[in-house]
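Visitor: Just dropping this structure here.
Read the figures in this text as sums done on the coordinates, not as results from a lab. Owing to the predicted nature of the structure, the values given are computational and were not obtained by experimental measurement. In this analysis, Cβ positions are derived from the backbone assuming ideal geometry, glycine residues included, and neighbour counts consider all displayed protein chains.
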Amino acid sequence: MRIACRAVVCALATTASCGSAFQFSLPATTTSWQTSLASNYHPKPERKTFNSNHLLHSTTKSTGAPSNGRRILHLHPLQATVAPEFASDLSPGVDAINAQNSELCGMLRTMRTRPFFRLYSVDILASCEYMPQELFECYSESCEIYPVDDDEVPEQLKSVDFQEYDFELDGWARWDMPTEDYYDTAQFPEEFTGYDGADVWRFIHNRIAFNGDGTLRDAYDDASWKADFNKAVSGLHAMVSAQCCRGIGDKIAAGQAEDNETDWTDPRAEFDRRLGPGGETPKAIENLYFTYMLLLTAVAKARDRLLADCASGKIDAATASELKPVLSHVLLDDPSVAAASKKFHDHAVMDDGSLWELRMRVRELMRIMNCVQCNKCRLHGKISVMGVSTALNLLLGDTGAGGDAKKMHRVDLAALMTALGKFSTAVDYCQSMLKA
């Protein structure tokens with residue numbers, strides 16, 4: 001059993017909450033694509049802290065970086081939440097999701113309690129290859145995770161993971177080589193951890209997304225699969241932001257906002273800043289829905305494979321009984337939901353000779369999760385990225401025609417369904433905030 005302790009960058013803890021507010025300023029001179037993506041980094045506005053008894057508003061701007069990666073939230077002045085507007089080709093799908101997601105969210109939450117979807121062998125000790133980092137001891141129990149006992153991992157699941165593991169040179173993503181160490185997402189669920197993921201997000205948006213090559217007129221709206229990839233990455237970021245806001249609210253509701261090491265903030269103000277149409281990322285919620293639509297359509301493409309695994313016993317009967325209602329849900333076959341994947345596909349086949357670059361960047365998106373030094377965030381970040389990677393593989397494959405679900409591994413399919421649950425939860429939270 002290997003036990004590690006990492007703690008500086010919490011970037012991507014996802015379904016119930018995360019733990020990062022991203023703090024840095026863009027250079028004084030920025031290009032148009034930098035301006036459009038500036039909000040992804042959450043630069044330092046005026047600081048507002050939360051007290052369990054009342055909101056304390058301060059107009060003093062923060063100076064200096066947080067100590068030891070400790071996250072400090074900074075907020076713009078409180079603003080009212082307003083409903084976002086969506087692109088015309090996505091709006092019908094958004095309406096369908098808003099009408100049906102609550103039911104699906106509950107199904108996914110139940111399904112994710114099963115070992116098939118909650119146990120993953122992850123290399124928590126892998127080194128970061130992208131930026132120099134100083135290794136710190138964990139200062140909070142919320143960031144640490146430990147492997148489950150060996151007898152808690154079904155032998156069949158372990159055997160399948162070992163048998164299926166292989167190396168694909170030009171694949172979409174590479175999951176960690178399986179070991180005896182499995183981590184349980186039910187034992188260590190996503191929560192607000194209080195760490196800062198600014199450096200990781202900055203690298204993702206600046207170096208992995210298609211923003212620095214000058215080929216896009218707009219990083220999100222250009223008629224290009226590169227812009228679609230940017231939207232998918234931004235949707236991943238928006239999902240994290242939604243869960244971060246939710247996590248803050250959950251901690252406050254549970255009476256845990258007396259932590260003197262964390263500056264607590266009003267979750268509604270934080271939601272408006274990160275996700276609201278008048279905040280730092282006006283299209284954040286649209287991009288969240290865009291990525292969720294990709295996942296829904298990808299699950300529909302994987303349905304026959306998943307049902308075959310249920311029939312063969314590869315997925316046990318108890319898990320199958322909770323998976324099958326998800327696979328028959330109306331959202332998976334709604335044509336309006338499929339608009340996002342059609343858009344991505346149509347753009348991709350126009351330039352199919354360059355899709356190798358998309359696969360390469362998705363692989364890099366997976367590998368940079370090793371730079372996340374909050375162990376719980378690293379675990380959930382890897383699962384989320386693997387889920388999005390599997391979705392893109394199913395939807396596009398090597399040429400834009402789509403991948404073969406029969407070739408997917410247990411980890412691919414489990415991560416896909418888990419990521420679907422994470423996005424469904426984030427959308428459900430955003431709906432509640434916009435209605436409140």
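Visitor: Of the peptides 231-240, 364-373, how do they stack up when ordered by the mean number of other Cβ atoms within 10 Å, highest first? Please list the in-between numbers first.
Guide: Working: 231-240: 27.9, 364-373: 22.4.
Output ranking for 231-240, 364-373: 231-240, 364-373.
Visitor: In this model, which of Lys231/Lys422; Lys376/Lys422; Lys251/Lys376; Lys301/Lys324; Lys231/Lys342; Lys283/Lys382 are farther than 20 Å apart at the alpha-carbon? Let's see the in-between values first.
Guide: On the way: Lys231/Lys422 17 Å; Lys376/Lys422 15 Å; Lys251/Lys376 17 Å; Lys301/Lys324 14 Å; Lys231/Lys342 14 Å; Lys283/Lys382 24 Å.
Distance filter (> 20 Å) returns Lys283/Lys382.
Visitor: Within 13 Å, Cβ to Cβ, of Thr319, how many net charges do the neighbouring residues add up to if Lys/Arg are +1 and Asp/Glu are -1?
Guide: Details: positive: Arg112, Arg114, Arg118, Lys314, Lys324, Arg410; negative: Asp309, Asp316, Glu322.
Summing Lys/Arg as +1 and Asp/Glu as -1 gives +3.
Visitor: Mind checking the full-extension length gain between Met350 and Tyr165? Use 0.36 nm per residue of separation minus the Cα-Cα distance, one decimal, nm. Can you show the working numbers first?
Guide: On the way: separation 185, 0.36 × 185 = 66.60 nm, distance 3.27 nm.
Gain on stretching Met350 to Tyr165: 63.3 nm.
Visitor: What ranking do 275-286, 143-154 get when scored by the average of other Cβ atoms within 10 Å per residue, highest first? Intermediate values should be presented prior to the final figure.
Guide: Values: 275-286: 22.3, 143-154: 16.3.
By packing density, highest mean first, the sequence is 275-286, 143-154.
Visitor: Still on this structure: Could you compute the net charge surrounding Arg361? Neighbours are other residues with a C-beta less than 11 Å from the C-beta of Arg361; K and R count +1, D and E count -1. Walk me through the numbers on the way to the answer.
Guide: Working: positive: Arg207, Lys226, Arg359, Arg363, Arg367; negative: Glu357, Glu364.
Here the count lands on +3.
Visitor: Another question, if that's okay. Straight-line reach from Lys435: which aspartates and glutamates fall under 12 Å, measuring Cα to Cα and dropping same-chain residues less than 8 apart?
Guide: Filter leaves no residues.
Visitor: Between beta-carbons, use under 11 Å as the cut-off and find the net charge around Gly171, counting Lys and Arg +1, Asp and Glu -1. Present the calculation step by step, with values, prior to reporting the outcome.
Guide: Numbers: positive: Arg174, Arg359, Arg363, Lys407; negative: Asp166, Glu168, Asp170, Asp398, Asp412.
Cβ neighbours under 11 Å give a net charge of -1.
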